[in-house]
1. Give the lysines reachable from A:K120 as a straight Cα distance under 20 Å; neighbours fewer than 8 places away on the same chain don't count.
2. Run the quick spin-label model on B:R27 and A:T106: label points 7 Å from Cα toward the beta carbon, then report their separation in nm to one decimal.
3. Which of the lysines could be linked to B:K36 by a straight reach, that is with a Cα gap under 25 Å, when you skip same-chain ones fewer than 8 residues away?
4. For peptide A:18-27, how many partner chain Cβ atoms fall within 10 Å of a residue's Cβ, on average?
5. Over the Cα atoms, compute the radius of gyration (one decimal) and Dmax (the largest Cα-Cα distance, rounded to a whole number) for the protein assembly as shown, in Å.
6. When Cβ neighbours within 10 Å are restricted to other protein chains, what is their mean count per residue of peptide B:80-91?
7. Distance from the Cα centre of the range B:65-128 to that of the range A:52-128, in angstrom?
8. Using a label point 7 angstrom from Cα along Cα-to-C-beta, what distances in nm, from shortest up, separate A:T59 from the other copies?
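Bear in mind these aren't lab numbers, they're just calculated from the coordinates by the rules spelled out. Not measured: the values here are computed from a predicted model. Here Cβ is always computed from backbone atoms with ideal geometry, including for glycine, and neighbour counts include all displayed protein chains.
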Number of protein chains: 2
Amino acid sequence: MEKSISLTDAEWSVMECLWSRAPRTGRELTEELGKKCGWSRSTTLTLLSRLETKGAVGTENDGRVKTFVPRVSREEAALRETEDLLTRAYRGSLSLMVSTLTKKQTLSREELDELYAILKKAEEDGHA
Amino acid sequence: MEKSISLTDAEWSVMECLWSRAPRTGRELTEELGKKCGWSRSTTLTLLSRLETKGAVGTENDGRVKTFVPRVSREEAALRETEDLLTRAYRGSLSLMVSTLTKKQTLSREELDELYAILKKAEEDGHA
DNA sequence: ATAGTGAGTTTACAAACGTAGACAAAGGGA
DNA sequence: TCCCTTTGTCTACGTTTGTAAACTCACTAT
């Protein structure tokens, strides 16, 4: 597979916005990110253009106004980074990761229940 | 808590070496990383010195030779990055992370068993 | 026509990263 | 003593990232 796009911190904030609703105009995005991150208009637009170059967002020209849409899903992006981290920090072992986390922070009842459900599902799908 | 140290990609490789055995001399480290990563002597030493500045490794002077030791454990480093990622990409939800992973790759029987064990343990420790 | 606005594009610039060459001090042999 | 090697430090340089000002073009209200 061609290596999927990886996002920087600032870029995540932009994508976050786009994932929450799209298509959006530059206008809306600069406004929202201005509030949320304290960025200037330019900052947001620069980021958007870098993301476009990377192929993480697509644009369309409606008259003189550009609209932006995400080209990668949040899942893809998240997955990409997670796999990187898993490899880098846990030699690829998910259980090692989870155990490291649980050692440091207590999981809520809900979180636990969800995790059990997920495992159960994974189990079923696995030997299907 | 004072924000723990975060490592760059290249720095992880260096720490990896140190975690696998320490204390080590610059000599050993440049050799190993030269092979493993194709780095020049300078590269490794620069990284080591940056890590020293960050406080991620400590040094000691035995005569004219320096020895290096890790100052942060692999767990600490891994945890730090994992928490970052969890926040950035999964709004802090571990179960969301795990489910995203399981959707993309099948877990082995061992991995599953380990995960169940970890959850069980977390559960017990939780309401202790 | 004129000036002000909104939108998009260019240029900028410092800090962080990856990578490494150059240089200096110290020790070991010829 | 003189040179080579070892070890450590300093300097360097291109790229990426965060952040934003400056500039330009099209449009609108006067």
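1. Straight-line reach from A:K120, under 20 Å: B:K103, B:K104, B:K120, B:K121.
2. For the pair B:R27/A:T106, the computed spacing is 5.2 nm.
3. A:K3, B:K54, B:K66
4. Numbers: counts 0, 0, 0, 0, 0, 0, 0, 0, 0, 0.
Mean shielding by partner chains, rounded to a whole number: 0.
5. 21.6, 72
6. On the way: counts 1, 6, 10, 3, 3, 8, 4, 0, 8, 12, 4, 1.
Other-chain Cβ atoms within 10 Å of each residue's Cβ, averaged: 5.
7. Using only Cα atoms to place each centre, the spacing works out to 13 Å.
8. In ascending order, 4.7 nm.
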